[in-house]
Amino acid sequence: HDFLKTAVNDGVDGFRFDAGKHVELPNEFDGSQYWTTILQNGSQYQYGEVLQGDSGLDYKAYADLFANNSSDGGGNTASNYGKSVRAAISSGNLSTKMVQNIDTGGAKEDQLVTWVESHDNYANGDKESTYLTNDQIVFGWAIVGSRKAGAPLYFNRPVGSGGTNAQFAEQSQLGDAGDDMWKNKSVVAVNHFRNAMDGKSEYLQNCGSDQNNANKSCLMIERFTKDGTANDGVVIANMGGDQNLAGTPTKLDDGTYTDQVNGGTITVSNGKITSGTAKGD
């Protein structure tokens, strides 16, 4: 506890508690006071690795504990949503049915830490996410990073590793920087989008003017405020070919929106996109 307080005083913003669910809650068993003691350290943000799926796990109680003892909130790892996103990008099926619902475990949406993959998904022996390509990771990040819920966590892979390469290419040493995919133009654009859209509403749909036969390989995540100004936005993850968006219904306010990754624009009028293309891949 003293060390954590010292770290905060030296500039640390907060902490991640590994294997958090394996330390009992204050009202469980003999009533451990570990959490009520250790979390009182002045942090802005604290969260626990509380992986979902265990029978009897009080997921909400852990999330509340971390959030209530941090000045700017906190919570738990939303591991089940990562599985949903990985299944979608692995299959190329970005249907809203695949990615819409986030398993909150009873916690609040702003108490979730979300990801496409974690260090465990990547590095463990089952290699659950190791062979996802950089492109697939970017598509997954487009989904996770643009959603209203959660605090998205981007895993920085080892240099030259993963995808079609070895799990550990041994091109870097402990303490070295990982690969540069976090600097990728699309990743950066999603990060900027997330900050700009903070607090706005959210709507997910698949691309196309006929929503009954929409393109399931093309997902639109709209963030909007109905205030009559073009300060809204949309992230489009398109794992198929070029998609003409004209005629697609939208929640965005009227105006012209600039494509921050590929250039070009999307125009919106009276609840529909009137022109614009979502580039393939």
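Would you confirm whether or not the range 243-252 contains a residue that is under 18 Å from VAL99 (Cβ atoms), in a strand (DSSP E or B) and modelled with pLDDT of 95 or more?
Yes, the range 243-252 contains a residue that is under 18 Å from VAL99 (Cβ atoms), in a strand (DSSP E or B) and modelled with pLDDT of 95 or more.
Go through the residues of the range 84-102 one by one and say whether even a single one is more than 25 Å from PHE139 (Cβ to Cβ), in a helix (DSSP H, G or I) and of a type outside the set (Phe, Trp, Tyr).
No, the range 84-102 contains no residue that is more than 25 Å from PHE139 (Cβ to Cβ), in a helix (DSSP H, G or I) and of a type outside the set (Phe, Trp, Tyr).
Only one of ASN195, ASN191, ASN212 is among the polar types (S, T, N, Q) and either buried (at least 17 other Cβ atoms within 10 Å of the Cβ) or more than 14 Å from the chain's Cα centre (by Cα) (or both); which?
On the way: ASN195 fails: either buried (at least 17 other Cβ atoms within 10 Å of the Cβ) or more than 14 Å from the chain's Cα centre (by Cα) (or both); ASN191 fails: either buried (at least 17 other Cβ atoms within 10 Å of the Cβ) or more than 14 Å from the chain's Cα centre (by Cα) (or both).
After ruling out the rest, the residue left standing is ASN212.
Pick from the range 42-83 the residues that are part of a loop (DSSP other than H, G, I, E, B) and touching a Phe, Trp or Tyr at 6+ places or on another chain (Cβ under 7 Å): which of them is most open to solvent (accessible area, probe 1.4 Å)?
ASP72
Is it true that some residue in the range 1-9 is in contact (Cβ under 8 Å) with a residue 40 or more places away in the chain and crowded, with 18+ Cβ neighbours inside 10 Å?
No, the conditions are met nowhere in the range 1-9.
From the list ALA237, ALA189, ALA177, which one is part of a helix (DSSP H, G or I) and of a type in the set (A, V, I, L, M, F, W, C)?
Testing whether each residue is part of a helix (DSSP H, G or I) and of a type in the set (A, V, I, L, M, F, W, C) leaves just ALA189.
Just need a number here: residues in the range 2-24 that are assigned to a loop (DSSP other than H, G, I, E, B), at pLDDT 95 or above and over 25 Å from LYS83 (Cβ atoms).
Count: 4.
Report, ordered by the first and then the second residue, all pairs with beta carbons closer than 6 Å, sequence separation of six or more or different chains, a first member in the range 246-266 that is within 14 Å of ALA278 (Cβ to Cβ), and a second member that is small (Gly, Ala, Ser) and open to solvent by 30 Å² or more (accessible area, probe 1.4 Å).
Partner pairs satisfying both residue conditions: ALA246/SER275; GLY247/SER209; THR248/SER209; VAL261/SER186.
Every residue in the range 231-266 that is open to solvent by less than 50 Å² (accessible area, probe 1.4 Å) and farther than 22 Å from ASN184 by Cβ, please.
If the condition is that a residue be open to solvent by less than 50 Å² (accessible area, probe 1.4 Å) and farther than 22 Å from ASN184 by Cβ, then ASP232, LEU245, ALA246, GLY247, THR248, PRO249, THR250, LEU252, ASP253, GLY255 are the ones that fit.
Within the range 25-35, which residues are among the polar types (S, T, N, Q) and either open to solvent by 60 Å² or more (accessible area, probe 1.4 Å) or at pLDDT 95 or above (or both)?
The answer is ASN27, GLN33.
The values are calculated or read from the model by the stated rules, or taken from the named source; none is laboratory data. Please read these numbers as outputs of a predicted model, since none were measured by experiment. Glycine also receives a Cβ, built like all others from the backbone with ideal geometry; neighbour counts cover every protein chain displayed. With ligands, DNA and RNA removed, areas are computed over all heavy atoms of the protein, side chains included. Shrake-Rupley method; radii C 1.70, N 1.55, O 1.52, S 1.80 Å.
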